[in-house]
Amino acid sequence: MKPTEQKKFDKALFQADVKKHLSATYAKTEETADAHAWYLAMGKALAEHTTLDLLQTENDDRIKNAKSVNYLSLEFLIGRLTGNNLISMGLYEQITEAMAELGQNLTDLLEEERDPSLGNGGLGRLAACFMDSCAAQEFPTVGYGLHYEYGLFKQSFENGHQKEAPDAWRGVEGYPWEVARPEFAQEIGFYGHVEAVYENGVEKRKWVPGMFVKGMPWDLPIVGYESNTVYPLRLWECQAIAPFSLESFNNGDYFEAQHALIDSGNITKVLYPNDNHEKGKTLRLMQQYFHSAASVRDILRRHDEAGHKLADIPKYETIQLNDTHPTIAIPELMRILIDERDLSWEEAWEICSHTFAYTNHTLLPEALETWSESLIQRLLPRHMEIIYEINHRFLKEVRSRWPGDVEKQRKLSIIEDGFHRMVRMANLCVVGSYAVNGVAALHSELVKRDLFPEFNELYPTRLQNVTNGVTPRRWLKFCNPGLSALITDKIGDQWPAHLEQLSDIAQYADNKAFQKQYMAVKKANKQRLADWVQENMGIELNTDAIFDVQIKRLHEYKRQHLNLLHILSMYHRLKNDPTFDMAPRVVFFAAKAAPGYHLAKEIIYTINKVAEKINNDPSIADKLKVVFIPDYRVSMAEIIIPAADVSEQISTAGKEASGTGNMKMALNGALTIGTMDGANVEIREEVGDENIYIFGLEVDGVEKLKASGYNPFDYYNADHLLKSSMDLLLGDEFTPGEPGRLRAVYDSLLDGGDPYLCLADFASYVEAHEAMDKQYRDQEGWAHKAILNTALVGKFSSDRSIRDYVNNIWKLEAVHR
Ligand SMILES: *Cc1c(COP(=O)(O)O)cnc(C)c1O
């Protein structure tokens, strides 16, 4: 890693560059330019530098001759790049000054950038943190994703209901940080048929696609923290070429291709807005194959151009699959090696099975991908043949390991039998990968115990754990400059690249002066959020109140409705129990619901309606406010997280694979209230039981309760506070004149069977909140705990996650530039 000072920054030259782009690229004069034009011109001027470094990194022979990781993900939730890149380039202060001299305020200009929201939530954000950490530590990396025209929808509320609008994230002028790489474009086929051709008497299979599209790559620069290394995040855009191949088609293909044309130009139009839920739509499979095929070809192009042999692919390349979404890359590489590069099956399998590694992100059955065999057959006929052959050979192995055990074969088969035969993508991944990992210790154990126990017997070293992490550059240094300065003042400025150093802060946890400074920073961050809420939502907030935060996708398993029950219980007590007292509290939510997820949208509506009533009830006054911030996205998280006192991580035990929001908030000094789920378990291990509030059933308790026949009515009828809180949803308390309008949530928790056990965990949840409330009234004790949270979560840097991948899975070396 090179020190910052090696970047020679010429202020006058930079200012001239900005002015040049303002006029030559964006056709504005300094007099007519608005903040948006200045932001674009500044972005372009900065991107000139990162593009040069990108090219130099790409052409560095040491990198060509080193092993690289290719990170394949359908989602990269990168957030705004400008501010973060300035931090990585070590130019934040210089650019602030340079722009000020041009009459521009940098903070305002940064607000002009629209988030590239090319992902749904945690999975996409993880991919972005991983790219940052690979670049920071200079492990050779190429990220491969899709260049969606529309990212995740924009969310607004209309009378409390979620409304979705398209997110044209590039704006009319285009995104200043991206650069087109037409020289690396690829042609990708779909549909068609497979022909047998004979070469020297040997049968060869040849796929003749019925239509082709073009994959056009756009590179976004991933700038290494304080280094000259810039890796590409290569995003493929689908463009239509000739309507279809005229070279060879039969009538069936012709009509197929004509029909498909309607979709072909649309393949990368829009990001599917489902989080942890797969729907099996044709266009989604087309996106997946388009992404995999373009990426695999680009990897082979780089490999060939570096002069390496095919057999050496595993020596120079590893391909990490972020969930099963890019699984089709496995049969695609097999197809190319066998059909186009003339390798034998055995040679091709030897390569493939040592190249791919797979990260599992979920145990939720509705999120485990299966694709109908007939759809794959139609869309990718040659790939279906290859999947059959992989399965055939794999089942032979199963039979020799467990002779006569038909049940084992049925369970492990890549093809799920039934009326509609389905391809199980996770099984294909485990069979085709040299390593499979879960994303937190608990999750990885459940992957072994519940999801893939037989695979674990068959391949005892394949299943591993890599606990997730977050980049401390974006999630502390950039988003919380106040706390960052305080930390640097105490322990120096090396912590953003060595987060374990934060433990040196622990010695100040009882230092009264430090506590004061720490809490003053928190207060200022709360004020910044309160100002945002006042300005954008017209709600006035008391910054002495507990800022209680739940920000994540809206999902039943994440249990925003359990949080709602707690709010209802506080409201009920404030209204009905004169002896009840509590510290003032603001409960924040931010969450998007998948547009087709009806109950999730009802939960949003219910919270909004409850908020409206509570926030305007003079008898409640400052005691309780509920704020549902619209359009949750990375740039919003950057404002909310530094202001959080309480971090809500309350999923049903066993359902949240890891979580990363939990890590971001603990790092910024929020105390977690959470279940023994995902990475909460490891956060507790790090910060100590005294500094976290754990409640609720654990995994075995959840299993036992479900097995014994869980009846939510038992809890409802036995717990007076619970019943009174829930019954508030029955009348028209929150929807005047419309009684019963909030019944959907109520019904899901009772007649609906409460599948995520909100009622079973309610009493324990309320008790944990009461303990936190009591602690908050002792501000010194609270400061002590908050400081220890910041100090003791260094483990959750994504730099550590990436080192785990590098040491235990990828086995590659850093190349320092
Ligand atoms: C971190 C992050 C997430 C993931 O949050 P979880 O609480 O782990 O589900 C989702 N969306 C955004 C914008 C994030 O920054």
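The values are calculated or read from the model by the stated rules, or taken from the named source; none is laboratory data. Bear in mind the structure is a predicted one, so any value in this text is a computation, not a measurement. Neighbour counts run over all protein chains shown; Cβ positions are idealised from the backbone, glycine included.
This table checks each residue for (1) more than 18 Å from the chain's Cα centre (by Cα); (2) modelled with pLDDT of 95 or more; (3) within 18 Å of SER413 (Cα to Cα).
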| site | (1), (2), (3) |
| --- | --- |
| VAL430 | yes, yes, yes |
| LEU442 | yes, yes, no |
| GLN464 | yes, yes, no |
| GLY469 | no, yes, no |
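Are any residues in region 492-508 small (Gly, Ala, Ser) and not in a loop (DSSP other than H, G, I, E, B), and if so, which ones? Outline the logic, then answer.
Residues of region 492-508 small (Gly, Ala, Ser): 492, 497, 503, 506.
Of everything in region 492-508, those that are small (Gly, Ala, Ser) and not in a loop (DSSP other than H, G, I, E, B) turn out to be ALA497, SER503, ALA506.
Hey, among ILE505, ILE607, ILE539, which residue is under 28 Å from the mean Cα position of the chain (by Cα) and aliphatic (A, V, I, L, M)? Before you say what the answer is, go through the steps one by one.
Working: ILE505 fails: under 28 Å from the mean Cα position of the chain (by Cα); ILE539 fails: under 28 Å from the mean Cα position of the chain (by Cα).
Unique residue meeting the criteria: ILE607.
Which one of TYR508, TYR557, TYR518, TYR571 is within 16 Å of the ligand (Cβ to nearest atom), surrounded by 15 or more Cβ atoms within 10 Å (Cβ to Cβ) and of a type in the set (Ser, Thr, Tyr)? Working first, answer last.
Values: TYR508 fails: within 16 Å of the ligand (Cβ to nearest atom); TYR518 fails: within 16 Å of the ligand (Cβ to nearest atom); TYR571 fails: within 16 Å of the ligand (Cβ to nearest atom).
Criteria check complete, one pass: TYR557.
For the condition surrounded by 21 or more Cβ atoms within 10 Å (Cβ to Cβ), of a type in the set (Lys, Arg) and under 23 Å from GLU770 (Cα atoms), what is the one hit in LYS625, LYS664, LYS609, LYS655?
Values: LYS664 fails: under 23 Å from GLU770 (Cα atoms); LYS609 fails: under 23 Å from GLU770 (Cα atoms); LYS655 fails: under 23 Å from GLU770 (Cα atoms).
Sole residue among the options that is surrounded by 21 or more Cβ atoms within 10 Å (Cβ to Cβ), of a type in the set (Lys, Arg) and under 23 Å from GLU770 (Cα atoms): LYS625.
Output yes when any residue across region 735-745 is under 30 Å from ASN616 (Cβ atoms) and among the basic types (Lys, Arg), and no when none is. Spell out the reasoning first.
Step one: list which residues in region 735-745 are under 30 Å from ASN616 (Cβ atoms), which gives 735-745.
Now drop any that are not among the basic types (Lys, Arg), which leaves 741, 743.
There is at least one residue in region 735-745 that is under 30 Å from ASN616 (Cβ atoms) and among the basic types (Lys, Arg).
Among the listed residues SER764, SER748, SER798, identify the single one that is at pLDDT 95 or above and under 24 Å from THR467 (Cα atoms).
On the way: SER764 fails: under 24 Å from THR467 (Cα atoms); SER748 fails: under 24 Å from THR467 (Cα atoms).
Going through SER764, SER748, SER798 in turn, just one is at pLDDT 95 or above and under 24 Å from THR467 (Cα atoms): SER798.
For ILE650, indicate whether it is within 12 Å of the ligand (Cβ to nearest atom) and β-branched (Val, Ile, Thr).
Values: within 12 Å of the ligand (Cβ to nearest atom): yes; β-branched (Val, Ile, Thr): yes.
Here the answer is yes, as ILE650 does meet what is asked.
Take region 591-604 and flag every residue that is surrounded by fewer than 22 Cβ atoms within 10 Å (Cβ to Cβ) and touching a strand residue (DSSP E or B) at 6+ places or on another chain (Cβ under 8 Å).
PRO595, LYS601
Being over 27 Å from the mean Cα position of the chain (by Cα), over 22 Å from ALA679 (Cβ atoms) and of a type outside the set (A, V, I, L, M), is that true of even one residue in region 471-488?
yes
Can we say ASP581 is modelled with pLDDT of 95 or more, surrounded by fewer than 18 Cβ atoms within 10 Å (Cβ to Cβ), assigned to a loop (DSSP other than H, G, I, E, B) and acidic (Asp, Glu)?
yes
Across region 204-239, which residue is farthest from the chain's Cα centre (by Cα) among those that are part of a strand (DSSP E or B) and among the charged types (D, E, K, R)?
By that ranking, first place goes to LYS204.
Residue check: is ALA600 part of a helix (DSSP H, G or I), touching a Leu at 6+ places or on another chain (Cβ under 6 Å) and either hydroxyl-bearing (Ser, Thr, Tyr) or within 16 Å of the ligand (Cβ to nearest atom) (or both)? Walk me through it before giving the result.
Details: part of a helix (DSSP H, G or I): yes; touching a Leu at 6+ places or on another chain (Cβ under 6 Å): yes; either hydroxyl-bearing (Ser, Thr, Tyr) or within 16 Å of the ligand (Cβ to nearest atom) (or both): yes.
Against the criterion (part of a helix (DSSP H, G or I), touching a Leu at 6+ places or on another chain (Cβ under 6 Å) and either hydroxyl-bearing (Ser, Thr, Tyr) or within 16 Å of the ligand (Cβ to nearest atom) (or both)), ALA600 qualifies.
If you check LEU91 against the conditions, is it touching a residue at least 40 places away in the same chain (Cβ under 8 Å) and either more than 16 Å from the ligand (Cβ to nearest atom) or assigned by the TED database to the domain that holds TYR289 (or both)?
For LEU91, the condition - touching a residue at least 40 places away in the same chain (Cβ under 8 Å) and either more than 16 Å from the ligand (Cβ to nearest atom) or assigned by the TED database to the domain that holds TYR289 (or both) - is met.
Go through (1) assigned by the TED database to the domain that holds ILE351; (2) part of a helix (DSSP H, G or I); (3) crowded, with 22+ Cβ neighbours inside 10 Å and name the single condition GLU445 misses.
So GLU445 meets the others, but not (3).
Being at pLDDT below 95 and over 28 Å from the mean Cα position of the chain (by Cα): is that true of THR32 here?
Values: at pLDDT below 95: yes; over 28 Å from the mean Cα position of the chain (by Cα): yes.
Yes: the conditions hold for THR32.
Taking region 738-797, which residues are polar (S, T, N, Q) and surrounded by fewer than 22 Cβ atoms within 10 Å (Cβ to Cβ)? Steps first, please.
Quick first cut of region 738-797, residues polar (S, T, N, Q) only: 748, 764, 775, 779, 789-790, 797.
Answer for region 738-797, where residues must be polar (S, T, N, Q) and surrounded by fewer than 22 Cβ atoms within 10 Å (Cβ to Cβ): SER748, SER764, GLN775, GLN779.
Does region 682-701 contain any residue that is within 16 Å of the ligand (Cβ to nearest atom), out of contact with any strand residue (DSSP E or B) (no Cβ under 9 Å at 6 or more places or on another chain) and closer than 29 Å to GLU780 by Cβ?
Checked region 682-701: at least one residue is within 16 Å of the ligand (Cβ to nearest atom), out of contact with any strand residue (DSSP E or B) (no Cβ under 9 Å at 6 or more places or on another chain) and closer than 29 Å to GLU780 by Cβ.
Find the strands (runs of 3 or more DSSP E) located wholly in region 96-176 whose residues include 1 or more that are closer than 25 Å to GLN287 by Cβ and away from the ligand (no atom under 16 Å from the Cβ), and list them. Lay out the reasoning, then the answer.
Values: elements: 141-146, 154-158, 161-165.
By residue number, 141-146, 161-165.
Among the residues of region 630-647, write down those that are more than 12 Å from the ligand (Cβ to nearest atom) and within 24 Å of ARG114 (Cβ to Cβ). Walk me through it before giving the result.
Of region 630-647, the ones more than 12 Å from the ligand (Cβ to nearest atom) are 630, 642-643, 645-646.
Within region 630-647, PRO630, PRO642, ALA643 qualify.
Scan the helices (runs of 4 or more DSSP H) fully inside region 291-373 and keep the ones with 2 or more residues being assigned by the TED database to the domain that holds GLU199 and buried (at least 24 other Cβ atoms within 10 Å of the Cβ). Show your work before the answer.
Values: elements: 313-316, 329-335, 345-352.
Counting at least 2 such residues, we get 329-335.
Whether any residue in region 38-57 is outside any helix (DSSP H, G or I), more than 16 Å from the ligand (Cβ to nearest atom) and either touching a residue at least 40 places away in the same chain (Cβ under 8 Å) or more than 28 Å from HIS291 (Cα to Cα) (or both) is what I want to check. First the steps, then the outcome.
Step one: of region 38-57, the residues outside any helix (DSSP H, G or I) are none.
No, every residue in region 38-57 fails to be outside any helix (DSSP H, G or I), more than 16 Å from the ligand (Cβ to nearest atom) and either touching a residue at least 40 places away in the same chain (Cβ under 8 Å) or more than 28 Å from HIS291 (Cα to Cα) (or both).
One line per residue, one yes/no per condition, for (1) closer than 28 Å to GLY438 by Cα; (2) without any contact (Cβ under 8 Å) to a residue 40 or more places away in the chain; (3) among the acidic types (Asp, Glu):
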{"site": "ALA590", "(1), (2), (3)": "yes, no, no"}
{"site": "LEU599", "(1), (2), (3)": "no, no, no"}
{"site": "ILE607", "(1), (2), (3)": "no, no, no"}
{"site": "ALA621", "(1), (2), (3)": "no, yes, no"}
{"site": "PRO630", "(1), (2), (3)": "no, no, no"}
{"site": "GLU648", "(1), (2), (3)": "yes, no, yes"}
{"site": "ALA657", "(1), (2), (3)": "yes, no, no"}
